[in-house]
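Below: one structure, written as structure tokens.
Values quoted throughout were computed directly from the atomic coordinates according to the rules given, and no laboratory measurement underlies them. Small disclaimer: the values here were computed from a predicted structure and weren't measured. With ideal geometry, Cβ positions are generated from the backbone for all residues, glycine too; neighbour counts draw on all protein chains shown.
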Amino acid sequence: MPIELNHTIVETRDQDAGAAWLAEVLGLPAPVHFGPFTVVEVAHGTSLDFMNVDDPHPQHYAFLVPDDEFAVIAARLQDRGVPTYADPGHRRSGHNTNDGGRGAYFDSPEGHNLEILTRPYGSGG
């Protein structure tokens, strides 16, 4: 059996709000509760399990999105007043065209550095 990522825990101060925000921005189904987590399902059975902690440690989460969804997600971010950046250090505003696709970085409400990209790194272009 090939190894796949099944889930990861996302630290937050408000798991329901954080999970709902991500699901809305990415256009995913509404989060569900499972045990102590608020769960956002992404493709291939992978989930992001939001968990309340007192002092969240910012992480980086990257999402491969279809090309036609990139502009839709970027518009949702703009509607929410969330700036996007072409680089992970947030030095250049906008988006990039790495590997012949498009990519953008942005912060979640809890401070995670999120990324949407249409082509995996090293895929050419």
Extended-chain gain in nm, criterion 0.36 nm per residue less alpha-carbon gap, Arg92 and Glu41: 15.3 nm
Computed FRET efficiency, Cβ-Cβ of Asp54 and Leu77, R0 30 Å: what is it to the nearest 0.05? 0.65
Column: log10 I(q)/I(0), Debye, Cα scatterers of the chain, q = 0.10, 0.18, 0.20 Å⁻¹: -0.31, -1.00, -1.21
Once label points are set 7 Å from the Cα along Cα→Cβ at both His33 and Asp99, what is their separation, rounded to one decimal in nm? 3.8
Computed, not fitted: 222 nm per-residue ellipticity of the chain from DSSP H runs ≥ 4 (each -39500 (n - 2.57)), nearest 500, equal to -6500 deg cm²/dmol
Kindly write out, for segment 4-19 in residue order, the coupling ³J(HN,Hα) from the Karplus curve 6.51 cos²θ - 1.76 cosθ + 1.60 (θ = phi - 60°), rounded to whole Hz, with x marking Gly and Pro. 10, 6, 9, 7, 9, 8, 10, 6, 7, 8, 9, 5, 5, 5, x, 5
Roughly what % antiparallel, to the nearest 5, for the DSSP beta bridges in segment 49-125? 60
Hydrodynamic radius of segment 43-93 per Kirkwood, over alpha carbon pairs, in Å: 13.7
Toward the positive end of the charge dipole of segment 7-117, about the Cα centre and with charges on Cβ (Lys, Arg +1; Asp, Glu -1), which of Ala71, Pro29, His44 goes farthest? Ala71
For segment 59-69, Karplus couplings with θ = phi - 60° (6.51, -1.76, 1.60), whole Hz, Gly/Pro x: 10, 10, 10, 10, 10, 7, 10, x, 4, 6, 8
Sorting Ile116, Ile73, Ile9, Ile3 on the 10 Å Cβ count, fewest up front, what's the list? Ile3, Ile9, Ile73, Ile116
3J(HN,Hα) from dihedral phi, segment 30-47, Karplus parametrisation 6.51/-1.76/1.60, rounded to Hz, x for glycine, proline: 4, x, 10, 9, 9, x, x, 10, 10, 10, 10, 8, 10, 5, 6, x, 7, 9
